[in-house]
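In what follows, a single structure is set out as structure tokens and then discussed.
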Amino acid sequence: MATVRTFAYNSGTGVTGTTQVGYIAAGATAADYGGGLTWWKGPDEDPGYVICHTSEARTAGQNEYVVPAPTIGFWRSALKTEASFISLCNGLFNQGFVNAGTALSWLNANGYWASYDINAQGFSYSNFASTTGLVGVGNTSVSSNIYFLTTAAASQVGNVYRTTAIQYNRNFSAQWSTFIGGGSGADGYCIQWTPTNNTNGSSGGGVGYVSTAINAITFLTYSNNNYTWYKNNVSQGATSVSSGFWRQTLYFWGDYNHSAQTFALYYSTTNSKPGSANKTFTNFVFDTGSYYMGFGAATGGANDNHELLSWVLTFT
């Protein structure tokens with residue numbers, strides 16, 4: 001079923017139920033929103049991202065769709081991906097955008113409406129019956145709806161990433177749960193945000209960590225039982241936990257506050273978020289670049305199953 005909404009040229013006050021950008025009134029559905037305006041149905045938004053403009057200038061070859069009025073028109077990206085949206089914006093306006101957030105801000109500031117929603121990029125894996133949107137590297141595997149970063153075998157490294165890079169310079173909350181065990185106790189795993197999603201991380205005590213990550217937190221299980229935040233490949237200090245603590249089913253929550261530049265980490269043996277953070281990392285920063293969120297794990301001479309049980313991301 002096509003996703004279509006209505007638009008009107010509106011140089012007056014905003015109309016209830018619509019979003020006003022420049023002289024464009026964009027409805028939420030295909031309804032006629034009144035206000036004494038003429039409402040036109042836009043193109044189907046399922047195949048690609050739509051940009052609405054009020055200029056009479058027309059650019060060929062951009063999947064253009066023009067309503068029968070000289071005041072508004074549309075372009076649509078070839079695919080419904082961030083890369084295709086950026087390509088459309090750069091081609092239309094001779095810009096050099098490298099991420100969708102910057103492109104969207106520029107469009108809105110210049111009176112263009114776009115269907116790209118920077119806040120609709122969260123995801124939820126209550127388990128891994130489906131791995132759509134994920135790419136595995138190295139020794140990863142899926143069994144019984146569990147994403148194995150490694151199995152309990154020596155010298156394994158596995159990483160899983162989202163297939164799409166997005167911006168993280170905004171408030172978000174992440175949740176994930178893990179089980180580590182079934183082997184002889186090594187070496188641990190990491191959560192990280194990287195510029196690539198085809199890189200296998202470091203082996204053994206490197207726990208799948210990728211040195212180009214803008215931010216990463218490693219959870220070590222062998223001899224040095226701790227967790228360490230790495231910022232641009234520089235350790236920001238380790239926090240110790242009791243021996244064997246990570247080697248059980250655990251639930252994690254991470255809340256990022258962009259303006260405060262803090263990442264609050266919570267963890268528990270039950271699926272109930274603690275009332276206060278176990279650790280709050282300060283000066284935890286994301287720039288305007290786009291990154292792939294992912295997990296890594298590794299074994300050495302000693303080993304364990306490193307199981308990812310669930311993974312959720314929401315923007316707040």
Which one, ALA297, THR280, ASN232, is farthest towards the positive end of the dipole of the range 197-316 when Lys and Arg carry +1 and Asp and Glu -1 on their Cβ? THR280
For the chain, with a Gaussian network of springs between Cα atoms less than 10 Å apart, report the residue from ILE214, ILE72, ILE86 with the top mean-square fluctuation. ILE72
Just grab the label-to-label distance for TRP106 and PHE123, each label 7 Å out from Cα along the Cβ direction, in nm (one decimal). 2.7
Most mobile listed residue (VAL157, VAL135, VAL15) in the chain, GNM with C-alpha springs under 10 Å: VAL15
Estimated FRET transfer efficiency (VAL241, VAL4; beta-carbon r; R0 35 Å; 0.05): 0.10
Name the residue farthest towards the positive end of the dipole of the chain from the options PRO43, PHE85, SER202, assuming +1 on Cβ of Lys and Arg, -1 on Cβ of Asp and Glu, about the Cα centre. SER202
I want to check the label-to-label distance for THR16 and SER223. Put each point 7 Å from Cα in the C-beta direction and report it in nm to one decimal. 7.0
Of ALA8, TYR125, ASN257, whose Cα points farthest to the positive end of the dipole of the chain (charges on the beta-carbon: +1 Lys, Arg; -1 Asp, Glu; origin at the Cα centre)? ASN257
I'd like the orientation of helix 82-93 relative to the chain: the angle between its Cα long axis and the longest Cα principal axis, in ° from 0 to 90, rounded to 10. 40
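Quote the FRET efficiency, to the nearest 0.05, computed for VAL285 versus ALA30 with a Förster distance R0 of 45 Å and r equal to the Cβ-Cβ distance.
Numbers: r = 42 Å, r/R0 = 0.93.
Calculated value: 0.60.
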Net charge near ALA302 (other residues with Cβ under 14 Å of its Cβ; Lys, Arg +1; Asp, Glu -1) is -1
For the chain, find the longest principal axis of its Cα atoms and tell me its angle to the long axis of helix 100-109, 0 to 90°, nearest 10. 30
Using the Karplus equation 6.51 cos²θ - 1.76 cosθ + 1.60 (θ = phi - 60°), what ³J(HN,Hα) coupling, rounded to whole Hz, does each residue of the range 44-53 give in order, writing x for Gly and Pro? 4, 8, 6, x, x, 7, 9, 10, 9, 10
To one decimal place, what Kirkwood hydrodynamic radius in Å is obtained for the range 81-211 from all pairs of distinct Cα atoms? 17.2
For the chain, what is the calculated [θ] at 222 nm in deg cm²/dmol (nearest 500), taking -39500 (n - 2.57) for each run of four or more DSSP H residues and dividing by its residue count? -2000 deg cm²/dmol
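DSSP loop (so not H, G, I, E, B), at most 16 other Cβ within 10 Å: list which trypsin sites (Lys or Arg not before Pro) in the range 224-316 pass both filters. Before the final figure, lay out each step's value.
Details: sites: LYS231, ARG247, LYS279; in loops: ARG247.
Taking the range 224-316 and a limit of 16 other Cβ atoms within 10 Å, no loop trypsin sites (Lys or Arg not before Pro) are found.
Quick one: grab the alpha carbon gyration tensor of the range 75-117, order the square roots of its eigenvalues as a ≥ b ≥ c, and give me rounded if a/c is under 1.5, else prolate or oblate depending on whether a/b is larger than b/c.
Details: a/c = 1.39, a/b = 1.21, b/c = 1.15.
Since a/c stays below 1.5, the shape of the range 75-117 is classed as rounded.
Every number in this text was worked out from the coordinates using simple rules, so none of it is lab data. Being a predicted model, the structure only gives us computed values, none of them experimental. Neighbour counts run over all protein chains shown; Cβ positions are idealised from the backbone, glycine included.
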